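The structure appears below as structure tokens.
The values are calculated or read from the model by the stated rules, or taken from the named source; none is laboratory data. Not measured: the values here are computed from a predicted model. Every residue, glycine among them, receives a Cβ derived from its backbone with ideal geometry; neighbour counts consider all protein chains shown.
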Amino acid sequence: MKQLDLYQKEFAAHFANPEIKTALEKSLDLVRAHKRIFFLGNGGSNSICSHMMEDYMKMGRKHTMSFTDAAMITCYGNDYGWERAMEEWIIAQFNPGDLLIAISSSGESKNILNAVKKAKEMKGKVITLSGFTKENTLAKLGDVNIVVPSSTRSYGIVENFHSTILHIILDELQGL
């Protein structure tokens, strides 16, 4: 199977990269140090945010929030425009010392980039999860940046790796 071979090759390459262990350790330190964690993403990444918000709250015992409620998304999008919707949500909810986990497969989503910049301005910490190329904009903005390069620009590979990374951090947090 062509896709199984591709996933095995890409995941093996990502986990063999020594930078990933360092990034995971730094991310775990940030998660441990913060009581409030915010998750942001679009599309499939937004689904990851919803899932992780629940798991980090239930199993990690963290206060979590994510920009995933449909009414809230449409309210903020309508009132502030899509590029500023998440930034305005950060302004309303985020406090200095909070942690933002921002997920964008391309690393170029303007709404995510604006929210990350605002969280940094507000003296928060940021973990970014992005993909496709190491040169994407989001990969330069976080306190920890995890990039999943994908020569095929496969959303499936990038999104599944992001989910795996967040599960690894949570499992380590729980001491599993």
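Things to note:
- Contacts under 8 angstrom Cβ, first residue in the range 163-176 being among the acidic types (Asp, Glu), partner part of a helix (DSSP H, G or I), 6 or more apart: GLU172/LEU24; GLU172/LEU28
- Only residues that are polar (S, T, N, Q), more than 21 Å from GLN3 (Cα to Cα), buried (at least 19 other Cβ atoms within 10 Å of the Cβ) and touching an Asp or Glu at 6+ places or on another chain (Cβ under 9 Å) were counted across the range 131-166, and they come to 1.
- Hits in the range 1-22 (condition: surrounded by fewer than 11 Cβ atoms within 10 Å (Cβ to Cβ) and not in a helix (DSSP H, G or I)): MET1
- If you go through the range 46-68 and keep only what is hydrophobic (A, V, I, L, M, F, W, C) and without any contact (Cβ under 8 Å) to a residue 12 or more places away in the chain, you end up with just MET57.
- When the residues of the range 24-60 are filtered to those that are touching a strand residue (DSSP E or B) at 6+ places or on another chain (Cβ under 7 Å) and surrounded by fewer than 17 Cβ atoms within 10 Å (Cβ to Cβ), the one that is modelled with the lowest pLDDT is LYS35.
- Selection count where residues are under 20 Å from LEU138 (Cβ atoms), part of a helix (DSSP H, G or I) and of a type in the set (A, V, I, L, M, F, W, C), scope the range 36-68: 4
- When the range 122-155 is filtered for residues that are of a type in the set (Gly, Ala, Ser), farther than 17 Å from CYS49 by Cβ and touching a helix residue (DSSP H, G or I) at 6+ places or on another chain (Cβ under 8 Å), the ones remaining, listed by number, are SER150, SER154.
- The residues in the range 118-130 that are surrounded by 19 or more Cβ atoms within 10 Å (Cβ to Cβ) and part of a helix (DSSP H, G or I) can be counted, and the count is 2.
- Taking the range 35-84 as the range and being among the hydroxyl-bearing types (Ser, Thr, Tyr) and under 20 Å from ILE168 (Cβ atoms) as the test, the residues that pass are SER45, SER47, SER50, TYR56, THR64, SER66.
- Taking first residues from the range 80-107 that are free of Cβ contacts under 8 Å to residues at least 12 places away in the same chain and surrounded by fewer than 21 Cβ atoms within 10 Å (Cβ to Cβ) and partners that are of a type in the set (D, E, K, R) and part of a helix (DSSP H, G or I), the Cβ contacts under 9 Å between residues at least 6 apart in sequence or on separate chains come to TYR80/GLU87; TYR80/GLU88.
- Positions within the range 131-162 being under 24 Å from THR64 (Cα atoms), in contact (Cβ under 8 Å) with a residue 60 or more places away in the chain and not in a loop (DSSP other than H, G, I, E, B), in sequence order: VAL144, ASN145, ILE146, GLU159, ASN160, PHE161, HIS162
- Hits in the range 69-113 (condition: under 25 Å from ALA33 (Cβ atoms), part of a helix (DSSP H, G or I) and either in contact with a helix residue (DSSP H, G or I) (Cβ under 6 Å, 6 or more places away or on another chain) or not β-branched (Val, Ile, Thr) (or both)): MET86, GLU87, TRP89, ILE90, ALA92, GLN93, LEU113
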